[in-house]
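Contents: one structure, followed by commentary.
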Amino acid sequence: MPQHEQILERLMAHLERLAPPDSNLHPDIDLVSELGLDSVKVMDLMLDAEDEFDISVPLNILADIRTPNQLAQAINKLLESQ
Amino acid sequence: MMSLFDKFQSLSDARHALIQAEPSPIGTRIDEVLSPTEGRVDGRSVILAGTNNYLGLTFDPDCIAAAHDALDQEGTGTTGSRMANGSYVSHTRLEEELARFFARPSAVVFSTGYMANLGLIGTLAGADDVIVLDADCHASIYDACRLTGADIIRFRHNDAGDLEKRLRRLGERTANALIVVEGIYSMLGDQAPLREIVAVKRRHGGYLLVDEAHSLGVLGAHGRGLAEAEGVEADVDFVVGTFSKSLGAIGGFAVSHHPQLDMIRYASRPYIFTASPSPATIASVRVALDIVASRPALRRQLWANAERLYHGLARLGFELGPEPGPVVATLLGSPQQGVAFWHGLLERGVYVNLVLPPATPGGRALMRISVSAAHDTAQIDRIIAAFAALKPMLDHHGHE
Ligand SMILES: Cc1ncc(COP(=O)(O)O)c(C=O)c1O
């Protein structure tokens with residue numbers, strides 16, 4: 001089972017494709033207010049994450065997630081609960 | 001401390017950076033409506049090609065006469081909820097007629113299509129359930145999902161394989177899953193691969209809801225929408241639709257082959273806590289529904305116009321949605337380019353909808369043209385000519 005760090009690393013790779021070029025990506029960046037992703041882009045990141053880890057990440061948990069770090073934590077929790 | 005309004009500032013700034021003067025592509029003021037396809041904007045006569053008025057019924061003399069009669073006999077409004085004083089004979093008749101039209105036992109009328117989605121999806125699914133929806137679904141479906149507290153899973157647009165993958169991950173929870181798709185998608189005008197989606201549903205279980213907002217009166221031998229056209233109506237558990245497009249009025253509905261649909265009346269807050277559609281609205285919709293059933297020639301005319309426009313623009317080299325239909329979308333580059341293009345069209349006497357991200361798939365600006373059966377060939381050709389005249393604008397700037 002992948003650890004938090006590994007999950008985060010893979011998430012960041014997906015984020016790189018969605019983020020505007022030359023953005024300063026880091027695990028605690030606010031996806032919306034700092035990185036400027038719109039709600040649809042954030043949901044698309046979830047689609048990628050679901051496929052990457054073969055899990056279902058319901059959109060309803062999005063409301064509490066601001067950063068890649070938090071998303072990695074949520075995914076870790078979902079994987080552990082399987 | 002932040003004021004309540006601060007959060008809108010960036011939206012407002014972005015809008016002002018894009019649009020400084022009237023007429024504006026956002027919330028355009030239509031000064032005069034002369035017919036289903038002609039109006040006046042900013043002092044100019046324009047062809048209305050951004051209306052969702054697919055069958056051109058807004059000025060149908062029979063619809064207007066029925067609305068007049070209802071207005072005279074029952075007044076301007078019901079002033080109440082369907083659950084209280086707002087269910088007139090005409091509301092219940094319309095429900096019977098919708099049920100008959102769709103050959104299903106139950107139908108419920110709502111005050112708008114937006115409310116129909118809130119009122120059906122938002123009531124059907126509960127906190128323990130799961131909704132699996134196409135990523136490009138309309139905002140009303142997303143908002144409905146948020147009301148439920150259910151787990152919300154998206155699948156990639158029009159990708160039945162991706163839907164299957166996501167259902168498989170849910171395991172036995174799929175038995176109660178609500179799968180939500182649209183007949184024709186409102187932005188690009190593309191149709192759902194409904195037979196494939198039905199096959200996935202058969203393998204994994206669950207319920208299927210199809211929002212036929214843009215396909216009612218447009219697809220199917222009787223105008224019942226994509227499910228009819230694809231021969232899969234028996235596998236569609238719920239159809240949601242609107243009166244605000246092909247039926248030329250305002251209001252919404254849900255129909256189902258589950259007779260239990262009627263029970264949502266007791267629980268659906270968007271059904272209960274709002275006033276019912278006005279008698280005049282209901283009267284015109286009843287006639288319009290009858291016209292959809294009895295005048296298939298309108299549907300043929302709409303499709304002839306849609307094909308002419310789509311192929312005309314394709315020949316000019318425009319990047320379009322994947323298939324012809326009542327919505328023909330031209331993909332542009334930046335929002336700035338979209339605004340300039342929209343003004344250019346208006347100067348040439350053509351009004352269409354400019355749609356900007358994030359309401360558009362893929363983050364592109366698009367010119368969304370609604371085709372109507374009421375457009376004549378000369379109007380379609382004038383729209384194509386206006387696009388042709390503006391084409392160099394795109395070639396010079398490219399995307400972004
Ligand atoms: C797919 C879809 N569903 C529902 C609606 C809402 O319809 P109404 O205008 O009746 O609220 C629309 C219209 O915008 C739509 O495109």
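The values are calculated or read from the model by the stated rules, or taken from the named source; none is laboratory data. Owing to the predicted nature of the structure, the values given are computational and were not obtained by experimental measurement. Here the Cβ is made from the backbone with ideal geometry for all residues, glycine too, and neighbour counts use every protein chain on show. Each accessible area value is taken on the protein alone, full model and side chains, heavy atoms only, with ligands, DNA and RNA left out. Shrake-Rupley method; radii C 1.70, N 1.55, O 1.52, S 1.80 Å.
Here are some notes:
- Residue that is nearest to residue B:295 (Cα to Cα), among those in the range B:191-220 that are in contact with a Lys or Arg (Cβ under 9 Å, 6 or more places away or on another chain) and aliphatic (A, V, I, L, M): B:218
- For the range B:136-150, residues that are surrounded by fewer than 18 Cβ atoms within 10 Å (Cβ to Cβ), in a loop (DSSP other than H, G, I, E, B) and at pLDDT 95 or above total 0.
- Output for the range B:119-134, where each listed residue is in contact (Cβ under 8 Å) with a residue 60 or more places away in the chain and either in contact with a Lys or Arg (Cβ under 8 Å, 6 or more places away or on another chain) or near the ligand (Cβ under 8 Å from one of its atoms) (or both): B:119, B:122, B:123, B:132
- When residues of the range B:167-195 are limited to those that are more than 15 Å from the ligand (Cβ to nearest atom) and of a type in the set (D, E, K, R), the one farthest from residue B:318 (Cα to Cα): B:172
- When the range A:39-82 is limited to residues that are surrounded by fewer than 18 Cβ atoms within 10 Å (Cβ to Cβ) and among the charged types (D, E, K, R), the one that is farthest from the chain's Cα centre (by Cα) turns out to be A:80.
- Restricting the range B:136-150 to residues that are within 14 Å of the ligand (Cβ to nearest atom) and small (Gly, Ala, Ser) leaves a set whose member that is farthest from the other protein chains (Cβ to nearest Cβ) is B:140.
- Residue, nearest to the other protein chains (Cβ to nearest Cβ), within the range B:245-256, restricted to residues that are within 11 Å of the ligand (Cβ to nearest atom) and open to solvent by 10 Å² or more (accessible area, probe 1.4 Å): B:245
- Residues of the range B:299-344 that are over 17 Å from residue B:218 (Cα atoms) and assigned to a loop (DSSP other than H, G, I, E, B): B:316, B:317, B:318, B:319, B:321, B:322, B:332, B:333, B:334.
- Verdict on residue B:386 being buried (at least 18 other Cβ atoms within 10 Å of the Cβ) and closer than 30 Å to residue B:101 by Cα: no
- Test for residue B:298: is it crowded, with 19+ Cβ neighbours inside 10 Å, more than 15 Å from the ligand (Cβ to nearest atom), away from chain A (no Cβ under 14 Å) and free of Cβ contacts under 8 Å to residues at least 40 places away in the same chain: no
Yes/no matrix, rows are residues, columns are (1) free of Cβ contacts under 8 Å to residues at least 40 places away in the same chain; (2) of a type in the set (D, E, K, R); (3) open to solvent by 60 Å² or more (accessible area, probe 1.4 Å):
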position	(1), (2), (3)
B:302	no, no, no
B:309	no, no, no
B:314	yes, no, no
B:326	no, no, no
B:331	yes, no, no
B:337	no, no, no
B:342	no, no, no
B:352	no, no, no
B:378	yes, no, yes
